[in-house]
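Below you'll find the structure, written out as C-alpha cells, and then a few comments.
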Amino acid sequence: METPKIFESEYRFCLILWENEPVNSTRLVELCKQQLGWSKATTYTVIRRLAERGVVKNDNAVVTSLISKEQAQASRLDEMVEQTFEGSLPAFIAAFSRSQKLTRDEVEQLKKLIDNYKED
C-alpha cells in the first residue's frame, strides 16, 4: 500500500499526533492551538481530511495515526527525490553533501548502509 500524501502543515500536525497518540481530539485541539496557532475548526478539518486519506483514525474522539513517522518521512523524501532529482538518489546525495558538511561518523554510517544494502 502506498503512503498517502501528507502536505507540510499536515505533517506538522502529525508530529504532534505521533508524540501524543492516542490522544483525545479535544486535547489535540489544545495542542495544535499552542504549537501551531490553529483554531478548533482548522484542527478538526485536518483530522477529517487525514482520516479520509487513511493517515489517521478518529474513533470515539480518540485520534491515532495509521502510518508511522518513518513511513511519512520516506514518502516525502521519495517524492522530493523524484521531483527535484529526477529520481536519482546519487544526485540527491551529491547535492546534499555539497551543501552540508558530513562528519566522519555520518560518512561511516552511510558506508554501513550501503554495505548492508549490498549484502541483502
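The values are calculated or read from the model by the stated rules, or taken from the named source; none is laboratory data. All of these numbers come straight from a predicted model, not from anything done at the bench. Neighbour counts run over all protein chains shown; Cβ positions are idealised from the backbone, glycine included.
At-a-glance table
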| read-out | value |
| --- | --- |
| Residue within the stretch 86-104 that is closer than 18 Å to Arg12 by Cα and in a helix (DSSP H, G or I) present | no |
| Out of Val81, Val62, sole residue that is surrounded by 13 or more Cβ atoms within 10 Å (Cβ to Cβ) and either of a type in the set (D, E, K, R) or at pLDDT 95 or above (or both) | Val62 |
| Cross-chain or 6+ apart pairs with Cβ under 8 Å, the stretch 16-39 first and under 16 Å from Lys57 (Cβ atoms), then small (Gly, Ala, Ser) | Leu17/Ser65; Trp18/Ser65; Trp18/Ser68; Glu21/Ser65; Asn24/Ala61; Ser25/Ala61 |
